[in-house]
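So the structure is just underneath, and the comments pick up after that.
The values are calculated or read from the model by the stated rules, or taken from the named source; none is laboratory data. What you see is a predicted model; the values in this text were computed from it and never measured. Cβ sites come from the backbone with ideal geometry, for glycine too, and all protein chains shown count toward neighbours.
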Amino acid sequence: MASTRRMVLLGGLGTAGALVVGYALWPSHRLELANAIAAKPGERFINNWIKIASDDTVTVVVPHCDMGTGIFTALPQMAAEELDADWSKVKVETAPSDSVFANGPLAEGFILSTQNMNADQIPAFLRGTVANTFRTVAGYMDLQVTGGSSAVRATGVYGMRIAGAAAREMLVKAAAARWNVNAADCTTKSNRVLHTASGRSFGYGELVADAATYSPSENPTLKPKSQYTLVGKSIPRVDIPKKVDGTTTYGVDVTLPNMLYAAIKISPVFGGKLTSVDPGAISGRRGIKKVVHLDDAVVVVADRFWRARDAVAELNPVFDNGANGTVTSGQLTARRSAALKSGDFKKDMTTGNGADALGGAHLIEATYTVPYLAHATMEPMNATAIFEDGALEVWSGTQDGLGARAFIAKTANIAIEKVTFHLLPMGGGFGRRLPGFFNFLEHAVRTAMAMPGTPVKLIYTREQDMQHDYYRPNVTNRLRASVDRSGMPSSWVSDYTTDAGANSEAHIVYKVDNQAYRTAKVETHIPVGPWRSVEASWHGFFVESFVDELAHAARKDPLEYRRELLAHSPRHLATLNLAAEKAGWGTPLPAGKGRGIAMVESFGTVVAHVADITIGPDGALKVDRIVSAADAGMTVNPDGMKAQIEGAIIYGLSAALNGEITIDKGAVVQANFPDYEVVRLQTCPAIEVHLHESDAQIGGAGEPGVPPVAPAVANAIFAATGIRVRELPFKNHNLTVASR
Amino acid sequence: MSIQLKINGKIHDLDIEPDAPLLWVIRDEVGLTGTKFGCGVAQCGACTVHVNGNAQRSCVTPVSSVVGAEITTIEGLSANGLTPVQQAWIDHQVPQCGYCQSGMIMAVSALLKTKPHATDEDLASAVTNICRCGTYPRIRNAVRALANEKV
C-alpha cells in the first residue's frame, strides 16, 4: 500500500539517501525494457539513464524536457562526474515518454527527505500533477515532471549522481573480474578502467556488457567535492548550437505528411459551452476542410494555418456562459476584500502566541495585492495529433511527458498503451505546460479524433494563448505586526486570500517570536496555475515590502533591519550581505534615484536583489540596475545558474512593471503583447549576479530569482519618492512629485 | 494564383493568395521552420527575416509585397556555416529556450550590417524583439563584443 511505502521512506529519514537510492536504481528487467525502447545499435544501458556504446561514448538519458534552463547540460555533468567520463565523449538524449524513464520516484524521495513533508503536503508545483494521483504509487511513479526548480535538486542529486557512481563501480567490478585482481586496485579515468600496477586498461565500451549483469549498488561511494572536475564548471550548454541556426524542432515545428492545420476560438468566458455556430460565414473559403464543434470551442481545420486562423476569426459562435458572463475584476477585488473582512479564516500555521500576541505594543498594518498574470511563453501553446485505428500519436512540448501521455489517454478514453507521445523542446514553460494545465492537448486530441486518419496541428494564436492560460492568482494579503520600542517585530500576522490551500511560501525566515498565518478562500471561475516561482512570486512581494515598511517605521536602514532579524541564519545573512556589498549599499545616490533591497528563499535557494531606479520628472520609472546574490548551496554549472537568475529577474520585472491580466464580462481583457507589455532591450536594466556557496543542500535555479525583484524595486521607489506601492503592477501608479 | 518568391536564393513558385502572410508561407508552404510564430501582430519579432537585407517582421508581411525581393531566413543566414553573430551567441551562451533567437539573430545581423559599431542604444532602439527567458543582458554583451571587434 502507498502509505506503507511512504512510511518506510519517512521512517528512514536519518538514512534517507540509501532508501531513496533503492528506488532510484533499476532492477535488471527494467534494463532490458530500457534497452528495447531506447538503446541504439552498439549501445547498452548500464543502469538508469546511462548508456555506454562500444566506442566508449557515454549517453545520459535525461528524464525531463528542455525548456531552456540548461538541465540537459547540468544533469549529465553530475552523472559524468561520478562516472569519471571524459566530457567530449558524453552525449545527451531526452528520455522517451515511457514509465521506465519516470522521474516521479526521485521527486518523491526528494520531497519527502528534504522538505520534512508528509504525503498530504504537496509542493505547489506538483499540485496539478498529483492532485488525484499522489495517493497511489502507480500514479506517482508515472511522473516525468520538469518544474519546481527540481531537476538538479531531485533528478541530479538522487538520480544522476547515484547512477553515475553505481555505473562506475559496476565497470570496475567487471574489469577486476576479467583481470582477476581486486577492484580496489583499479581506478577510472576518461571512460576507461585502469589497473595501475600492471598498466592494463579497458575502455568502458568493452566492459559494459559484463558490467550490466551486476546489481547496481544502492549506496555507491560518491566523490568528495574536492575531486570534482566537471561539477562546478561552467561547461557550455549542449543545446545552444542548435538554437542559433534555427534547427531545434519545437512542438510547433512538427511536420507530418498530409498534415492539416487547426485554429481555435475558445469560449471567451471560462467554463462557457458552445451552443451553436453558423459555418455559413466561411463556406467556399479556400482550403477549409472541416468545422469541428468542441464542448467549449469551435475549431477550423484547413490545409494551411493562416487559412484556418483567418476563417475561425470570421465565425461568430454562441456560447452559454452560465453565471460567469458578467464577472469583472472589480467584483473579484470586492470578493477578496470581503473574505479578508469576514474573519472566516482557516489556520495555516501558528508559532508562539500567534495572533493573540498582536496589540499592546505599536501595531503596523498594510494590505498588498498582486494581479492575475499570464505566462506568455514565446511559443504559443500547440500540439499535433493523429488518431488512427483507435490509437493516438501526439507531438508537443510539455513539462511532463508521461503526464501528457496519461492525460491524452484519459481524454480519448483509450488505454495508455494506445498513446504514443513525442516530447519536444518547449519555447518557454514557466509552469504553463505542467500537467493539470493541458487545455491545448485536450483541444488538439479532440480535433484529431474528429478527423480520423489525418494528422492535425492545432496552434493557439497569441490571443487565444493569452486569454486561455492558467493564471498566476490574484491575491490580497493583509499583514500586521506589533513592534517593540526599538521597532523590531514581536508578532507577525499574515491573512491572505487563496484560490486553493495554504501557501508555505507565506512563512517568513525572519526571527519573530509570535507568528500566525491564516487563509481566506475566494471562489472564482478564473483558472489559475503555477507561474514561475508560484507562491513565492506573491508572498515575496508582500513580505519583503512589509519588512521594508517596518524598517522605515523604526527609522532604521532596511539592510540593517533585516540583518537584525536574520542573526540566527548565517546563510541568509551572507547572501544579503553579498548583494549589498556588491551593489555599494549605503553609497549616496543623486536626487530622483532610489535603491531598494529584498531577499527571498524559495526552492531551496536564497536570493537577494538590490535595485537601483530612477524616477523621471514625469514620474516615469526606470530600473537602472539589479545586483543579485544567490546561494544554491553548491552550484553545478555557475554560468548556467547565473543565466537562470538573470532570466528570472527579467521575468519578474516584466510582471512587476506592467504585468496585469484583468477580467471584464467574465473574460480576459488583454490579448497580445501591446496590452501585456514585457521587458525588452530598451527597458532591461544592467544585471549583475554573484554566486555564494554554502553547505546547504543543493537548491533550485530556474525560479528563485523571481520573487525578490518586485519588492526590491518597490522598496527603491519608496526610497526615491516616499511612495509605497502596495499593489502591482507599477504602471498603475502615479510616481510624480506632485502625487507625493 | 501563382506567386514567385525568392527565399535564401532559391525561386519558389507558389499557388497562394497575395495577402498570405510571409511567415506562414515560409513555414507551411516552403517548409522552413526556423522562423517562428510568436504574436502575429509584429510585436515580438520572433518571425524576423531579411527582405533585401533589412530586418522585417514576416507575420504581417503579405507575400505580394515581397515579390522580386531577396528574402533570407535563419536557414539562409547559416547556409555557409555559422556567422560571427551566431558564433557570438554561442560564445556568450545567449539562448535559453531559444525560440526567439532566430528572430533576434536576424534582427541583430541586419543592424550590424548598417551599424558595425552599434552602441547599446543603437541595439535597444533597433531590436525591439521580445525574449521571455530574459537573455537581453547576454545579447547586449554579445553585440558589444561584435561591435568592438570591428573597431
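A few comments on the model shown:
- Scanning the range A:314-330 for residues that are in contact (Cβ under 8 Å) with a residue 40 or more places away in the chain, assigned to a helix (DSSP H, G or I) and loosely packed, with under 15 Cβ neighbours inside 10 Å gives a single hit, A:Gly322.
- Answer residue from the range B:40-70, given it is part of a loop (DSSP other than H, G, I, E, B) and without any contact (Cβ under 8 Å) to a residue 40 or more places away in the chain and is surrounded by the fewest Cβ atoms within 10 Å (Cβ to Cβ) among those: B:Asn52
- Residue in the range A:575-591 that is in contact (Cβ under 8 Å) with a residue 12 or more places away in the chain and of a type in the set (Val, Ile, Thr) present: yes
- A:Gly652 meets all of the listed conditions (1) more than 30 Å from A:Thr155 (Cα to Cα); (2) touching a helix residue (DSSP H, G or I) at 6+ places or on another chain (Cβ under 6 Å) but one, namely (1).
- Single match in A:Gly401, A:Gly428 (criterion: at pLDDT 95 or above, crowded, with 24+ Cβ neighbours inside 10 Å and not assigned by TED's automatic domain parsing to the domain that holds A:Ala671): A:Gly428
- Against the conditions (1) within 14 Å of chain B (Cβ to nearest Cβ); (2) touching a Ser or Thr at 6+ places or on another chain (Cβ under 7 Å), A:Gly431 satisfies every one except (2).
- Test: residue in the range A:272-295 that is within 21 Å of A:Arg433 (Cβ to Cβ) and in contact with a Ser or Thr (Cβ under 6 Å, 6 or more places away or on another chain): no
- Residue match in the range B:32-43 (condition: more than 8 Å from chain A (Cβ to nearest Cβ), of a type in the set (Ser, Thr, Tyr) and on the phi < 0 side of the Ramachandran plot): no
- Among the residues making up the range A:438-459, a single one is in a loop (DSSP other than H, G, I, E, B) and surrounded by 24 or more Cβ atoms within 10 Å (Cβ to Cβ): A:Phe438.
- Failed condition for A:Leu691, given (1) within 11 Å of chain B (Cβ to nearest Cβ); (2) not in a loop (DSSP other than H, G, I, E, B): (1)
- Taking the listed residues A:Ala212, A:Ala262, the one that is aliphatic (A, V, I, L, M), over 30 Å from B:Ala79 (Cα atoms) and within 14 Å of chain B (Cβ to nearest Cβ) is A:Ala262, with no other qualifying.
- Within the range B:17-31, tally of residues that are more than 8 Å from chain A (Cβ to nearest Cβ) and assigned to a loop (DSSP other than H, G, I, E, B): 3
- The residues listed here are A:Arg309, A:Arg335; of these, the one that is in contact with a strand residue (DSSP E or B) (Cβ under 9 Å, 6 or more places away or on another chain), within 24 Å of A:Ser545 (Cβ to Cβ), in a helix (DSSP H, G or I) and not assigned by TED's automatic domain parsing to the domain that holds A:Glu505 is A:Arg335.
- Subset tally (residues that are in a helix (DSSP H, G or I) and either within 14 Å of A:Val208 (Cα to Cα) or in contact with a Ser or Thr (Cβ under 8 Å, 6 or more places away or on another chain) (or both)) for the range A:31-47: 3
- Failed item, numbered, when A:Asp664 is tested on (1) surrounded by fewer than 24 Cβ atoms within 10 Å (Cβ to Cβ); (2) among the acidic types (Asp, Glu); (3) within 16 Å of the chain's Cα centre (by Cα): (3)
- Any hit, the range A:660-676, residues being under 20 Å from A:Ala580 (Cβ atoms) and assigned by TED's automatic domain parsing to the domain that holds A:Asn577: no
- Among the residues listed as A:Ala671, A:Ala648, A:Ala643, A:Ala656, the single one being more than 10 Å from chain B (Cβ to nearest Cβ) and either assigned to a loop (DSSP other than H, G, I, E, B) or buried (at least 20 other Cβ atoms within 10 Å of the Cβ) (or both): A:Ala656
- In the range A:80-109, the residues that are closer than 19 Å to A:Gly148 by Cα form no Cβ pair under 6 Å with any partner that is charged (D, E, K, R) and at pLDDT 95 or above, whether six or more places apart or across chains.
- Those strands (runs of 3 or more DSSP E) lying entirely in the range A:340-409 with at least 1 residues closer than 30 Å to A:Arg724 by Cα: A:346-351, A:362-370
- Filter result (more than 13 Å from B:Leu112 (Cβ to Cβ), free of Cβ contacts under 8 Å to residues at least 40 places away in the same chain and assigned to a helix (DSSP H, G or I)) within the range B:123-151: B:Ala124, B:Ser125, B:Tyr136, B:Pro137, B:Arg140
- The set of residues in the range A:460-507 that are within 14 Å of chain B (Cβ to nearest Cβ), assigned to a loop (DSSP other than H, G, I, E, B) and under 19 Å from the mean Cα position of the chain (by Cα) contains only A:Asp469.
- Check on B:Asn8, on the phi > 0 side of the Ramachandran plot and more than 11 Å from chain A (Cβ to nearest Cβ): yes
- Taken over the range A:48-83, the criterion of being crowded, with 24+ Cβ neighbours inside 10 Å and part of a loop (DSSP other than H, G, I, E, B) is satisfied by A:Asn48, A:Trp49, A:Pro63, A:His64, A:Cys65, A:Asp66, A:Met67, A:Gly68, A:Thr69, A:Gly70.
- Matching residues in the range B:94-124 - criterion: being at the interface with chain A (Cβ under 7 Å from one of its Cβ atoms) and surrounded by fewer than 21 Cβ atoms within 10 Å (Cβ to Cβ): B:Ala124
- Elements of type helices (runs of 4 or more DSSP H) contained in the range A:133-251, each with 3 or more residues being in contact (Cβ under 8 Å) with a residue 60 or more places away in the chain: A:161-179, A:204-211
- Looking only at the range A:363-420, and only at residues there that are over 30 Å from A:Glu549 (Cβ atoms), acidic (Asp, Glu) and out of contact with any His (no Cβ under 8 Å at 6 or more places or on another chain), the one that is farthest from the other protein chains (Cβ to nearest Cβ): A:Glu417
- Of all residues in the range A:655-708, those satisfying the criterion of being of a type in the set (Gly, Ala, Ser) and over 12 Å from A:Ala374 (Cα atoms) are A:Ala656, A:Gly666, A:Ala667, A:Ala686, A:Ser694, A:Ala696, A:Gly699, A:Gly700, A:Ala701, A:Gly702, A:Gly705.
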